[in-house]
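Below is one structure, written out as structure tokens, with a few remarks after it.
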Amino acid sequence: MDRSIERRVRSPLALGALGGEDLLTAPGQRPFRDGFLATDVYETESSYVVKASVPGISADDIKITRAGGTVTLEGEVKPASVKEGRYLYQERSYGQFSRTLPLPEDAGNDVNATLENGVLVLEFAKPAERVPRTISIKSGE
């Protein structure tokens, strides 16, 4: 009896993002697509924040480089292995990743980096003149 898993496209919306790859290949059967690393970038009143999903990677295995107006995140996810038994299917991606993200011109050099629950968070401070502040009014009376 053939116990192979039928491979199929999960979402028609994802077809355009594959960039000509084999549409029937499951994610775990190849290394990270073009070193892809899922990220979010947003701003708060006092900082610019970069969040990256890096499940199963320790802080020692991630290299962060700031060069001019960009930040680069690099690392490697090792292929998983089982001590006993064999895989029936494997979907988790592995391999090297590298992602270079543009930063706003005024993103400061002061960076706070944390890694918790597989999410890397980088906070780049905004210059003091860009942070909103309350101005008190003195009465002349």
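Against the definition (over 14 Å from the mean Cα position of the chain (by Cα), part of a loop (DSSP other than H, G, I, E, B) and in contact (Cβ under 8 Å) with a residue 40 or more places away in the chain), how does A80 come out, yes or no? So A80 fails the test.
Listed here are the residues, each with its yes/no results for (1) modelled with pLDDT of 85 or more; (2) exposed (fewer than 10 other Cβ atoms within 10 Å of the Cβ).
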{"site": "S11", "(1), (2)": "no, yes"}
{"site": "P27", "(1), (2)": "no, no"}
{"site": "T44", "(1), (2)": "yes, no"}
{"site": "D60", "(1), (2)": "yes, yes"}
{"site": "K63", "(1), (2)": "yes, no"}
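Taken over the range 70-105, the residue count meeting the criterion of being open to solvent by less than 70 Å² (accessible area, probe 1.4 Å), at pLDDT below 85, of a type outside the set (A, V, I, L, M) and touching a strand residue (DSSP E or B) at 6+ places or on another chain (Cβ under 6 Å) is 2.
P55 fulfils the conditions (1) loosely packed, with under 11 Cβ neighbours inside 10 Å; (2) outside any loop (DSSP other than H, G, I, E, B); (3) modelled with pLDDT of 85 or more except for a single criterion, (2). The set of residues in the range 106-126 that are outside any strand (DSSP E or B) and either in contact with a His (Cβ under 7 Å, 6 or more places away or on another chain) or surrounded by 10 or more Cβ atoms within 10 Å (Cβ to Cβ) (or both) comprises D106, A107, G108, D110, G118, K126. Of all residues in the range 117-125, none are more than 17 Å from G56 (Cβ to Cβ) and without any contact (Cβ under 8 Å) to a residue 40 or more places away in the chain.
The values are calculated or read from the model by the stated rules, or taken from the named source; none is laboratory data. Please read all numbers here as calculations on a predicted model, not as lab measurements. When we count neighbours, we look across all protein chains shown, and the Cβ atoms used for this are built from the backbone with ideal geometry, even at glycine. Note: areas computed on protein heavy atoms with side chains; ligands, DNA, RNA excluded. Shrake-Rupley method; radii C 1.70, N 1.55, O 1.52, S 1.80 Å.
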